[in-house]
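Visitor: Quick one: the structure is below, questions incoming.
Just so it is clear, none of the values below were taken in a lab; they were calculated from the coordinates. These numbers were taken from a predicted model, which means no experiment stands behind them. Here Cβ is always computed from backbone atoms with ideal geometry, including for glycine, and neighbour counts include all displayed protein chains.
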Amino acid sequence: MSAVVTRRVARAPWTLLKAVFGWLVLFEARNKVVLAPSALRLRRIEDAETRRLAADLGSPPSALVATVIATHRRPEALRAAVRSALAQSVRDQVVIVVDDGAGLPELPDDPRLFAVSLSANIGTAGVVRNIGIRLTRSRYVAFLDDDNLWEPDHLARALEALEAPGGPDGVYTALRRVLPDGTDRDILSVPYDRRRAARESFLDTNAFVARRTRALRFSRLRRTPEVMPREDWELIRRYARRHRVLHVPHPTVRYLMNPASFYTRW
């Protein structure tokens, strides 16, 4: 058998698996095997940091919606993100900023805003966000990265769907993707489809608002910029196994496609 034919035969099962399961599903299965040791170590760190910070906070911040903002060394962008969260038309929310060990800048003075700093840099976005989830109490949880912005109606549109009779457990709105120079690139608006989500990475937690359940936690695998899929995809797809997720086709997030992102390489 020629070398070319041999390579084609070897690729055939992989091609078939990708067609049946989707490449993102296969990559995530590999991640869970290869990166499992990192998850055990990071779970211990997450538990210890949550206990330490909860003791400092006293009563956990509580509201209808808890907004979790993970941050690392972006003081100006963070302040803008926090302002966009506090400017929501929905007032019954708390915003918790979780700094990944770099130190916090001065932030707006607002009784709904809480800010904590990890004792050391973890460098795993999912774990940083999990700490924010665990430190708060709320019916719903929303997520905003420190280099993105919400339109003032983001939470209102999400809650309108979530609190409707027979409504879903989680919703995600459309993303207005913006280039670093401030110009619009496009609008990403894709209805939820589990099979399509196995092949395309269109899920992002900046647009996601969900009912708080035990399933609402991020993967603790240490995902370097080279590891795909990202923790956003993993969270929403796993949450959707037992919870109904709906897309709201209205752009409420200004999403920076940032080539210098700490967590993501574009």
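Visitor: So what is the relative contact order of the chain, in percent, for Cα pairs below 8 Å that sit 6 or more residues apart?
Guide: The value is 23 percent.
Visitor: Between region 123-190 and region 205-240, what's the alpha-carbon centroid distance in Å?
Guide: 12
Visitor: With point charges of +1 on the Cβ of Lys and Arg and -1 on the Cβ of Asp and Glu, referenced to the Cα centre of region 25-256, which listed residue (V33, V128, Q88) lies farthest in the positive direction of the dipole?
Guide: So the residue we want is V33.
Visitor: Once fully extended, how much extra length lies between D186 and S201, figured as 0.36 nm per residue of separation less the alpha-carbon to alpha-carbon distance? Numbers along the way, then the final one.
Guide: Details: separation 15, 0.36 × 15 = 5.40 nm, distance 1.56 nm.
The D186-S201 span can extend by a further 3.8 nm.
Visitor: With the chain treated as a Gaussian network of Cα nodes joined by springs under 10 Å, which of F218, F27, F114 yields the largest mean-square fluctuation?
Guide: Among F218, F27, F114, the largest GNM mean-square fluctuation belongs to F27.
Visitor: Residue by residue through region 38-50, what is 3J(HN,Hα) from phi via Karplus (6.51 cos²θ - 1.76 cosθ + 1.60, θ = phi - 60°)? Round to whole Hz and write x for glycine and proline.
Guide: Calculated HN-Hα couplings, in order: 5, 5, 5, 5, 5, 5, 5, 5, 4, 4, 5, 5, 5 Hz.
Visitor: Any chance you could give the angle, 0 to 90 degrees and rounded to 10, that helix 3-21 forms with the longest Cα principal axis of the chain?
Guide: 40
Visitor: Compute the FRET efficiency between R137 and E226 as 1/(1 + (r/R0)^6), taking r as their Cβ-Cβ distance and R0 = 30 Å, and round to the nearest 0.05.
Guide: Result of the calculation: an efficiency of 0.25.
Visitor: Just the Cα atoms of the chain: what Rg and Dmax do they give in Å?
Guide: 19.2, 72
Visitor: Mind checking the dipole of region 85-172: about its Cα centre, +1 per Lys or Arg Cβ, -1 per Asp or Glu Cβ, Debye to the nearest 20?
Guide: It works out to roughly 400 debye.
Visitor: How large is the helix-only mean residue ellipticity at 222 nm for the chain, computed as the sum of -39500 (n - 2.57) over DSSP H runs with n ≥ 4, divided by its residue count, in deg cm²/dmol to the nearest 500?
Guide: That calculation yields -11500 deg cm²/dmol at 222 nm.
Visitor: Where nothing but the Cβ of Lys and Arg (+1) and of Asp and Glu (-1) is charged, how large is the charge dipole of the chain around its Cα centre, in debye to the nearest 20?
Guide: Dipole size: approximately 1540 debye.
Visitor: What are the residues whose amide H is under 5 Å from the amide H of L113, where those residues sit 5 or more places off or on another chain and H is modelled from the backbone?
Guide: Excluding prolines and chain starts, which carry no amide H, the hits are V95.
Visitor: Nearest 10 degrees is fine. How inclined is helix 23-34 to the longest principal axis of the chain, computing both from alpha carbons?
Guide: It is inclined by approximately 80 degrees.
Visitor: Relative to the longest principal Cα axis of the chain, at what angle does helix 125-135 sit, 0 to 90 degrees, rounded to 10?
Guide: Result, in degrees: 40.
Visitor: I've got another one for you. Taking a point 7 angstrom from the Cα of E160 along the C-beta vector, which residues in region 216-259 have backbone N less than 12 Å away?
Guide: Within reach of a label on E160, which here means backbone N under 12 Å from a point 7 Å along Cα→Cβ, region 216-259 contributes 248-252.
Visitor: Excluding L86 itself, what net charge comes from residues whose Cβ is under 12 Å from its Cβ, given Lys and Arg +1 and Asp and Glu -1?
Guide: Working: positive: R79, R83, R91, R112; negative: D109, D110.
Local net charge: +2.
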